[in-house]
Ligand SMILES: [Zn+2]
C-alpha cells in the first residue's frame, strides 16, 4: 500500500509538471513576441522619422523656390519702394530656408538614431530567437523524459495494484478520493501525522507488533495508519524529479 501511495504521489507530481509545460512554452513565445513587437514599433518610428525629414526637405525647397521667384521679379520692378519690399521678401525667404536646413540636419540625426535602434532591436530579437529556440527544445526534451517516467510509474502502479487484494484496493481507492496521494498516514509521537489527532496507545501497540496484520484507520481522518518508517526508495529517477517537485 505504501508503494502504491508512493507511485500515486510520483505520477501526480509528474502530471502536474507535464500539465505546466504548455504554459512554459507559451511564456517562451510571449517573450519572443515582445521582442518582435519592439522591432515593429522601432521600424514604425523610423518610417515616421524619414517622413518628417522628407517634409522638412520640401519646406526648404519651397522657401528656396520662393526666394528665386522674388529675385527674378526684382529685375523688372519700377519703383525703389517695390524693390526694397521685394528684397525684404527675399531675405525673409532665405532665412526660412536656412532655418529649415537646420531642422533637416536635426531630423537626419533623429533618423540615424531611429536606424540604430532598429538595428539594435533586430540583433536582440535574433539573440532571443536563438535562446528561446534552445529553451523550447530543452522543455520538449524534459517533457518527453517526464512523460516516459510517468508512463513507467503508471505501469508500476498498475502492477502494484494487481498484487493487492480487491478489498484492500477498494479501500485504498475510496480513501484516495478524499485524500489523493495521502491514503496512508504515519503514526508518530502518538499522533496521526496527516491530521494530528491522537491515536489510541492500544492501536499503536498493535501497529508496532509485526505479527498483527489488521488494518487500522485514523478515527478522525480515516486514513490507513502505519507506524514504521517507510523504506527509502532510491530509484535513479526519484532524485531528478524530486528536486523539481518543490
Ligand atoms: Zn488522521
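If you take the alpha carbon radius of gyration of the chain and divide it by 2.2 N^0.38 Å, what ratio comes out, to two decimals?
The value comes to 2.26.
Stretch residue 65-residue 12 to full length: gain in nm at 0.36 nm per residue minus the Cα-Cα span?
Between residue 65 and residue 12, full extension yields 11.1 nm more.
By counting other Cβ atoms within 10 Å of each Cβ, how are 179, 202 ranked from fewest to most?
202, 179
With angles folded into 0 to 90 degrees, how steeply does helix 236-245 sit against the dominant principal axis of the chain? Use alpha carbons for both and round to 10.
Tilt of helix 236-245: around 60 degrees.
May I have the convex hull volume per residue, in Å³, for the Cα set of the range 80-143?
Dividing the Cα hull volume of the range 80-143 by its residue count gives 55 Å³.
Residues in the range 140-175 near a label at residue 27, defined as backbone nitrogen under 18 Å from the 7 Å Cα→Cβ point?
Residues 140-144, 146 qualify, since their backbone N sits under 18 Å from the label point.
Output the 0 to 90 degree angle, nearest 10, between the alpha-carbon long axis of helix 2-74 and the longest principal axis computed from the alpha carbons of the chain.
0 degrees
Which shape class, rounded, prolate or oblate, goes with the range 156-197 when its Cα gyration tensor gives a ≥ b ≥ c as root eigenvalues, a/c under 1.5 marks rounded, and past that a/b bigger than b/c marks prolate?
prolate
On a C-alpha basis, how far is the centre of the range 40-78 from the centre of the range 160-208 in Å? Whole number, if you could?
When both Cα centres are located, 88 Å separates them.
Could you state the per residue volume, in Å³, of the convex hull enclosing the Cα atoms of the range 100-222?
Taking only Cα atoms, the range 100-222 has a hull volume of 227 Å³ per residue.
What is the calculated FRET efficiency for residue 1 to residue 151, with r their C-beta to C-beta distance and R₀ = 22 Å, to the nearest 0.05?
Details: r = 22 Å, r/R0 = 1.02.
Computed FRET efficiency for residue 1 and residue 151 comes out at 0.50.
Taking only the alpha carbons of the range 1-142, what extent do you get along each of the three principal axes, in Å, biggest first?
The Cα atoms of the range 1-142 stretch 118, 18, 14 Å along their principal axes.
What do you get for the angle between helix 80-163 and the principal long axis of the chain? Use alpha-carbon atoms, 0 to 90 degrees, nearest ten.
10 degrees
PRE reach from residue 82 (point 7 Å along Cα→Cβ): which of the range 38-76 fall under 20 Å by backbone N?
Hits in the range 38-76 for residue 82 at 20 Å: 66-76.
Every number in this text was worked out from the coordinates using simple rules, so none of it is lab data. Since we're looking at a predicted model, the values are computed, not measured. Quick reminder, even Gly has a Cβ in these numbers, built from the backbone with ideal geometry, and neighbours come from all protein chains shown.
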